[in-house]
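Read through the structure below, which is laid out as C-alpha cells, and then see the notes.
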Amino acid sequence: MPESSRDGGRSWSESMSARDRIRAVAETLREPRSINWISEQGDAAWSTTNEELQALVEQGQLRRVEAGETTRYQPDYTRLLFEEIRMLIEENTREELRNELAAITEEIEEWQATYDVETWEELEQSLADGDLTSDELHERRDVITRWEENLEDRHLVKHALALYSDVEAAREQRIDVAGRGTN
C-alpha cells in the first residue's frame, strides 16, 4: 500500500491544518523519508514541516535517521508496537483476544486447505501457474494480502495476551495510587 495518503485513496480534509497533514503523513511512514518528501506529501511549507518534525522527534513519536548527507525521519516502531498492544489490551477482554486469535487461525487453516499450501509464500508461488484465470489470480493475490495481515494481527494478539496480566496489574496499581492520593 502506498505511503502517501493521496496515493492511498484518501484526500486531505480541507479542515486539516498543515501541521495535522504533516502528522498524518508522518504516522503512515513505512521507511525513512526526507523533509522535502514529507512536505510535498503533506502539502505544507518546508519550514512548517521542519518545525513539526522536530516537535515529533522531541515528543518521541519520530526518530531522526542520518542517511549520508540527508536527514530522514521515521516512526519509533518500538513505541508504535507497544501502543498497539496496549490499545488491544485496553479495548478488548482476554476472551475477545482469544476469540480473535482462534478466528485468525481458523481462516489461515481454511486457506491452507483450500489451496493445499502451508504458507502464503507457497500460495504466492502458485501465481506462476499458467492454468489460473485472471479471477483466480486476483482471488489468490487478495488472499495472500489478507494472510500476511492475519499473521501480523496474530503476532500482536499473542503479545497482547502474553502481557495482559502485567498491563492489568499496572493499571490497578495506578488506580490504587490515585485513590490513595485523594484520601
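Just so you know, the averaged projected area of the alpha carbon convex hull for the stretch 50-124 sits at 8.5 nm². Max-minus-min Cα coordinates of the stretch 101-146 on each principal axis give 34, 16, 14 Å, with the largest extent listed first.
Just to make sure I understand: if all protein chains stay in place, what is the order of Thr145, Thr71 by accessible area at 1.4 Å, largest first? All intermediate terms of the calculation are to be shown ahead of the outcome.
Numbers: Thr145 65, Thr71 45 Å².
Accessible-area ranking of Thr145, Thr71, largest first: Thr145, Thr71.
Note on the stretch 8-86: Rg/Rh from C-alpha atoms, Kirkwood Rh, equals 0.97. Amide H contacts for Tyr73 (H built 1.01 Å from N in the peptide plane; partners 5 or more residues away or on another chain; cut-off under 5 Å): Arg33, Ser34, Val65. Once all protein chains are placed together, Thr133 keeps about 70 Å² accessible to a 1.4 angstrom probe.
Net charge of the neighbourhood of Val57, taken over other residues with C-beta under 15 Å away and scored Lys/Arg +1, Asp/Glu -1, is +1.
What ranking do 118-129, 35-46 get when scored by the average of other Cβ atoms within 10 Å per residue, highest first?
On the way: 118-129: 13.3, 35-46: 18.2.
Highest to lowest by the protection proxy: 35-46, 118-129.
Restricting the calculation to Cα atoms, the stretch 62-183 yields a radius of gyration followed by a Dmax of 21.0, 74 Å.
The values are calculated or read from the model by the stated rules, or taken from the named source; none is laboratory data. None of the values given here were measured: they were computed from a predicted structure. Every residue, glycine as well, gets a Cβ built from its backbone with ideal geometry; the counts of neighbours run over all protein chains shown. The accessibility values were calculated without ligands, DNA or RNA, using every heavy atom of the protein model including side chains. Shrake-Rupley method; radii C 1.70, N 1.55, O 1.52, S 1.80 Å.
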